[in-house]
Amino acid sequence: MEISIIGSGHVGLVTGACFAELGNGVVCVDNDEKKIEILRKGEIPFYEPGLEEIVRANVGEGRLRFASSIPEGIKNARVVFICVGTPALSSGKPDLSAVEKVSKAIGESLTEYKVIVEKSTVPVKTGEKVEGILRRTVRNGVEFDVASNPEFLREGSAVKDFLKPDRIIIGVSSRRASSVLVELYEPLCAPILITDIKSAELIKHASNAFLAMKISFINAVANLCDLAGADIKKVAKGVGLDKRIGESFFEAGVGYGGSCFPKDVSAFLHIANEMGYNFTLLKEVEKINHYQRERVIKDLEEFLGELEGRTIGILGLAFKPFTDDVRESPAIDIVKMLQDKGAKVKAHDPAAMNTFSDLYPEIGYVSDPYEVAQGADALLILTSWPQYHYLNLKKIKKLLAFPLIIDGRNILDATKAVNAGLYYSSIGRGKLKP
Ligand code: UGA
């Protein structure tokens, strides 16, 4: 099938490349000409494991092409996916201006029936808006359908998530649109749920909000474990083994970040409010998430006292491993709080030092985790990169000026840390002395 993707960011490019991999003819469109140039050379403007290989292969096979204009990009497409950004405004409300602009341009260029699919994360009832814009702009007699097909791609495993999804949600208002989209997705052999458009839109926000809630819930329990002297890893395991609850997205730590959960929780709250429902549960989810960052500073102060003049080493700047993305990363707030308290910061991240240095050019960036420990008064682990799981803790102890590790992702073996002569504090497994 010929398809077109408007917006060649993380979601758009992964979607386009994967559909090409399944044998479809795909044109990815973006108004950023520089990005299109990079993509045409087979390069990827961001870090996503496995993506470069399938982009190169499919560009080589002629199934994946790029365009910088919507009329040219959608000419032959039967399905057009809208994958542009919907960033949060300062009020928490999502900014839909890109979706609206793109919908207008699609409407003006339509010459024959196409299914226009919202894949960008949008508030419920955006489908109605998109349909209204298309109706106002499309030429007389040209037919179209609007559909909602939310994505559930995690950064760092987006290609795998696309090709092996738990489910595919197709929100439609006509059989014609549903049969086109089912035909497109059938090769994935995944469960397909057909709904109305509004339900599909709500499924996306409810899914992300639920996962964020699960994380905040286990973080709150972790804080309780610290007070009670229990072990959050055992508690999470014991609770998660109940199939009704499940073990995934149940890891306590410094909280969720990224371009999705923080934005989507606040958007969902905002939408609920606009519709007259005060979704207080989500306010607590946000509060707990913020507290997880604050508690790292409190824990540090408990060991070190005043942080003024102290040097704090940070391992992990990305909002999660296998990405260079630092958007809403816990490290951003934690560095800010440390600087406000007069501490000096040095840091390491295997992929995100460049992106982080756009925000904090002044902190010390080093190319080796042990260099971070050298002379520091404490080491904070904020991202669970695999290389931090097996640090030589005896070496770290020798390098640190004060032998303290605050493990914000619970990745180290507490007994090994203590046996190496370290003070070890984590999230929900107590504060241990050597
Ligand atoms: C998330 C969802 O998982 C995807 O399904 C969704 O499609 C995507 O948002 C989106 O809306 O586009 P992503 O933001 O890439 O994906 O990352 P996640 O793997 O979900 O992690 C989000 C944050 O939660 C990270 O900061 C991670 O460290 C944190 N997290 C995750 C925890 O603190 N504990 C956990 O148990 C799991």
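What to note about this one:
- Residues (of a type outside the set (A, V, I, L, M), out of contact with any Pro (no Cβ under 8 Å at 6 or more places or on another chain) and within 11 Å of the ligand (Cβ to nearest atom)) located in the stretch 138-178: PRO150, GLU151, ARG154, GLU155, ASP161, PHE162, PRO165
- Residue count, the stretch 36-48 (criterion: more than 15 Å from the ligand (Cβ to nearest atom) and under 21 Å from the mean Cα position of the chain (by Cα)): 2
- When residues of the stretch 112-129 are limited to those that are more than 23 Å from the chain's Cα centre (by Cα) and among the β-branched types (Val, Ile, Thr), the one nearest to ILE6 (Cα to Cα): ILE116
- Flag for GLY246 being part of a loop (DSSP other than H, G, I, E, B) and more than 7 Å from the ligand (Cβ to nearest atom): yes
- Considering residues of the stretch 226-243 that are of a type in the set (Val, Ile, Thr) and touching a residue at least 60 places away in the same chain (Cβ under 8 Å) only, the residue nearest to the ligand (Cβ to nearest atom): ILE232
- Pairs linking a residue in the stretch 285-312 that is closer than 17 Å to GLY428 by Cα to a residue that is surrounded by fewer than 16 Cβ atoms within 10 Å (Cβ to Cβ) and modelled with pLDDT under 95, with Cβ atoms under 7 Å and 6 or more positions apart or on different chains, do not occur.
- Meets criteria (within 21 Å of ASP358 (Cβ to Cβ) and not acidic (Asp, Glu)) for LYS283: no
- Test: residue in the stretch 192-200 that is away from the ligand (no atom under 12 Å from the Cβ) and over 29 Å from ALA88 (Cα atoms): yes
- Within the stretch 310-369, the residues that satisfy the criterion of being crowded, with 19+ Cβ neighbours inside 10 Å, of a type in the set (Gly, Ala, Ser) and more than 21 Å from the chain's Cα centre (by Cα) are GLY313, ALA343, ALA347.
- The stretch 78-106 - residue that is of a type in the set (Gly, Ala, Ser) and surrounded by fewer than 22 Cβ atoms within 10 Å (Cβ to Cβ) and, of those, nearest to TYR185 (Cα to Cα): GLY85
- Unmet criterion (only one of (1) farther than 27 Å from SER199 by Cβ; (2) buried (at least 20 other Cβ atoms within 10 Å of the Cβ)) for CYS260: (1)
- The stretch 259-287, residues that are away from the ligand (no atom under 13 Å from the Cβ), among the hydroxyl-bearing types (Ser, Thr, Tyr) and part of a loop (DSSP other than H, G, I, E, B): TYR277
- Among residues of the stretch 198-225 that are hydroxyl-bearing (Ser, Thr, Tyr), those with a Cβ under 6 angstrom from a residue that is in a helix (DSSP H, G or I), sequence gap 6+ or separate chain, pair up as SER216/VAL285; SER216/ILE288; SER216/ASN289.
- ASN223 vs. criteria part of a helix (DSSP H, G or I) and either within 11 Å of the ligand (Cβ to nearest atom) or among the hydrophobic types (A, V, I, L, M, F, W, C) (or both): no
- All of PRO191, PRO187 fail the test of being surrounded by fewer than 16 Cβ atoms within 10 Å (Cβ to Cβ) and touching a Leu at 6+ places or on another chain (Cβ under 6 Å), apart from PRO187.
- Any hit, the stretch 247-261, residues being β-branched (Val, Ile, Thr) and either over 25 Å from PRO434 (Cβ atoms) or modelled with pLDDT under 95 (or both): no
- Hits in the stretch 370-394 (condition: surrounded by fewer than 23 Cβ atoms within 10 Å (Cβ to Cβ), among the hydroxyl-bearing types (Ser, Thr, Tyr) and touching a helix residue (DSSP H, G or I) at 6+ places or on another chain (Cβ under 8 Å)): TYR370, TYR388
The values are calculated or read from the model by the stated rules, or taken from the named source; none is laboratory data. A quick note: this is a predicted structure, and the numbers were derived from the prediction, not measured. Glycine also receives a Cβ, built like all others from the backbone with ideal geometry; neighbour counts cover every protein chain displayed.
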